[in-house]
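One structure is given here, and the rest of the page talks about it.
The values are calculated or read from the model by the stated rules, or taken from the named source; none is laboratory data. Predicted model, so just to flag it, every value in this text is computed and none were measured. In this analysis, Cβ positions are derived from the backbone assuming ideal geometry, glycine residues included, and neighbour counts consider all displayed protein chains.
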Amino acid sequence: MKKPENRRGRACAFRRLSALTEAAALVFVLAAAAAMALPQRVSAAGAAHPDTAVSYTLDMEKAIAYADQWALSRNPLYEDFTGRGGNCANFVSQCMYAAGFPINGEWYMKHVKFAERAPWSFAHQSYEYFSGFGRAEEANENNIHRGDLVYYDWTGDGHIDHTTICVGKDRKGVPLVDSNTKDARHAAWKLGSKNPNAKYYVVHLNKYGIAEKSLSLIFDKDYYYAHNPDLWWPVGGDETALLRHFLFCGIREGRQGNASFDPKAYASDHPDVSDEYGPGYTKYFYDYMAHVSDEAGSVYRIYNPWTGEHFFTESKAERAAVCSSGWRYEGIGWIAPLSSDTPVYRLRNCFTGDHHYTADAAEKDALTQTGWAYEGIGWYSDDDEEIPVYRLYHPGVRIGTHLHTESEAERDYLLQHGWTDEGISSYGAGR
């Protein structure tokens with residue numbers, strides 16, 4: 001069956017940073033593939049392999065409860081860096097660990113070495129690290145929400161000096177934060193700063209991990225071993241150690257992982273990316289993975305933080321247009337077949353703007369008769385019914401009432417928090 005032309009979205013310039021979330025989740029996935037131990041909160045829809053989907057769930061209410069408990073004191077289970085540069089990032093990391101954020105080789109709580117400038121305990125490195133797992137932007141009173149991480153450049157010199165977690169808003173809508181070092185509990189988000197040069201940033205974290213890309217796109221063990229003779233003695237023939245070196249050292253140093261992708265050449269060929277990322281080669285790998293290597297049939301998942309709606313599209317241009325207006329890109333939801341005998345129809349509520357997706361032609365016809373606009377085929381369902389995509393419904397909201405997900409872990413989590421299971425809405429294709 002030929003897909004309709006209107007399946008392709010509108011063209012728009014693509015904002016690279018907003019899409020780093022999907023590729024950043026690659027670090028967790030590949031660490032699992034390298035036999036790195038992760039907490040039980042990391043739940044996989046399949047085996048821990050570079051071609052399967054892995055998701056983690058963050059419970060930010062637990063992070064906020066932890067923040068309220070320890071904002072004005074110190075948890076004796078953790079080292080206290082007060083007087084040695086500050087405890088703010090250490091405090092926020094503890095909050096994120098309480099929420100279920102997975103530990104890996106870069107971000108960890110035990111045996112923290114202060115001199116390493118680890119993202120667990122330093123505000124600037126914390127900002128760089130968590131920006132890779134969400135959307136970062138300059139902060140203002142209107143775009144800081146409960147559960148967001150707020151970062152402070154007190155002098156405007158480009159270096160992050162402090163970090164907090166937003167725990168809600170007061171009656172006037174002013175965001176309230178908890179923090180350590182500058183100990184504060186439910187304090188106004190600017191913490192009394194009146195420096196006109198100060199700059200503020202917010203990181204909106206994704207609550208769920210997203211499907212990753214194949215490791216083979218950036219790494220080949222034989223190539224990496226042959227082109228890095230300095231690893232011959234410390235690594236020997238240990239393939240796991242070789243992979244771990246690439247993930248936690250080589251990427252940051254800009255070492256070429258295979259014959260097809262050279263991060264230094266990529267930076268040179270993309271000056272807009274170079275201006276934005278500077279010398280941090282990790283983000284060049286992420287940028288390449290996020291924008292060059294999407295599989296055909298990728299269904300992109302995008303979230304509206306104001307209305308709560310999730311939007312799904314196969315069009316990169318439409319994804320870019322929606323993200324440029326403030327929506328949050330949450331990565332690839334699943335891979336759909338390029339064609340099948342089972343189309344999934346896309347409709348829009350002309351009054352609320354909410355979208356609905358269904359493979360049921362009778363449901364599509366019933367909705368169009370009640371005023372919904374039919375927008376064509378969104379994607380196709382796999383006739384072999386290989387990978388189920390679940391549909392959930394929330395009876396307590398007006399917009400964003402439905403969510404589609406390939407993740408059983410996410411489905412089960414939402415069912416425990418007021419959502420209703422509506423069964424399988426379509427099927428994704430194998431990766």
Discussion item. Residues to consider are ASP161, ASP178; find the one that is surrounded by 15 or more Cβ atoms within 10 Å (Cβ to Cβ), of a type in the set (Asp, Glu) and in contact with a Ser or Thr (Cβ under 7 Å, 6 or more places away or on another chain).
Written reply: ASP178
Worksheet entry | the stretch 225-245, subset under 28 Å from the mean Cα position of the chain (by Cα) and not charged (D, E, K, R), residue nearest to GLY158 (Cα to Cα) | HIS245
Worksheet item: Is it the case that SER73 is modelled with pLDDT of 85 or more and crowded, with 23+ Cβ neighbours inside 10 Å?
Response: no
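Residues that are at pLDDT 90 or above: which helices (runs of 4 or more DSSP H) entirely in the stretch 314-431 hold 1 or more of them?
361-369, 408-415
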Worksheet item: So which of TYR380, TYR357 ends up being hydroxyl-bearing (Ser, Thr, Tyr), closer than 23 Å to THR307 by Cα and in contact with a strand residue (DSSP E or B) (Cβ under 9 Å, 6 or more places away or on another chain)?
Response: TYR357
Worksheet item: Within the stretch 263-313, restricting attention to residues that are in a helix (DSSP H, G or I), in contact with a Phe, Trp or Tyr (Cβ under 8 Å, 6 or more places away or on another chain) and hydroxyl-bearing (Ser, Thr, Tyr), which residue is modelled with the highest pLDDT?
Response: TYR266
Fill in: Selection count where residues are buried (at least 21 other Cβ atoms within 10 Å of the Cβ), over 22 Å from the mean Cα position of the chain (by Cα) and assigned to a helix (DSSP H, G or I), scope the stretch 246-262
1
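Quick one: is ARG135 modelled with pLDDT under 90, surrounded by 22 or more Cβ atoms within 10 Å (Cβ to Cβ) and over 13 Å from VAL92 (Cβ atoms)? Even if it seems obvious, please write down each step before you answer.
Values: modelled with pLDDT under 90: yes; surrounded by 22 or more Cβ atoms within 10 Å (Cβ to Cβ): yes; over 13 Å from VAL92 (Cβ atoms): yes.
The answer is yes for ARG135.
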